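This report concerns only the one structure given below.
The values are calculated or read from the model by the stated rules, or taken from the named source; none is laboratory data. Treat the numbers as computed from the prediction; the structure is a model and nothing was measured. Quick reminder, even Gly has a Cβ in these numbers, built from the backbone with ideal geometry, and neighbours come from all protein chains shown. Ligands, DNA and RNA are stripped out before the accessible areas are found, and what is left, the full protein with its side chains, is counted by its heavy atoms. Shrake-Rupley method; radii C 1.70, N 1.55, O 1.52, S 1.80 Å.
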Amino acid sequence: MRIDFYSGELTKREQQIVADGFRAHSERRAAPQYRRDRFKWLGLDDNDELRGVLTAETLWDWLYVDELWVDSVFRGAGLGKRLMQYAEDHARSRDLVGVWLWTQSWQAETFYRHLGYDEFARFDDFPRGHVRIGFRKQLA
């Protein structure tokens, strides 16, 4: 068996082989079916200019927030909180267990704590001198 090193993404063929392998292994182990749906909420001003974005995906019974961005001019005005509320409402409407995400120490740690998110993971020096933080919120 030889191992070759390459830079870049898997080819479509390679990705299909991997996906088929994961699926077959999961089926043999009677794992829950993996379903992944992508969503986005866009915050648009009166001129239809993009001022905020939340992208997310469902992974099993949780909603994962991939990106939350708010234009610096609109930060502190509640747009980020509203986008997160829309995501949480969507998760509730699909009867999901909760919402989870990653943030960096220079980003929005306080913001997520204020919204009731609990820290579940902390990676120091990711990157060096900073921290990557995992937050989650279980929905009732």
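Select from segment 116-135 the residues that are within 16 Å of the chain's Cα centre (by Cα) and either open to solvent by less than 60 Å² (accessible area, probe 1.4 Å) or under 20 Å from ASP61 (Cβ atoms) (or both) and list them in ascending order.
Hits for segment 116-135 are TYR117, ASP118, PHE120, ALA121, ILE133, GLY134, PHE135.
Taking only segment 26-72 into account, find how many residues are surrounded by fewer than 13 Cβ atoms within 10 Å (Cβ to Cβ) and modelled with pLDDT under 95.
Total satisfying the criteria: 11.
Being in contact with a His (Cβ under 7 Å, 6 or more places away or on another chain), open to solvent by 80 Å² or more (accessible area, probe 1.4 Å) and without any contact (Cβ under 8 Å) to a residue 60 or more places away in the chain, is that true of even one residue in segment 87-98?
No: zero hits.
Consider segment 85-116. How many of its residues are touching a strand residue (DSSP E or B) at 6+ places or on another chain (Cβ under 7 Å), part of a helix (DSSP H, G or I) and hydrophobic (A, V, I, L, M, F, W, C)?
2
The rows are residues; the columns are (1) hydrophobic (A, V, I, L, M, F, W, C); (2) within 18 Å of TRP102 (Cβ to Cβ).
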{"residue": "GLY21", "(1), (2)": "no, no"}
{"residue": "SER26", "(1), (2)": "no, no"}
{"residue": "ARG29", "(1), (2)": "no, no"}
{"residue": "VAL53", "(1), (2)": "yes, yes"}
{"residue": "THR58", "(1), (2)": "no, yes"}
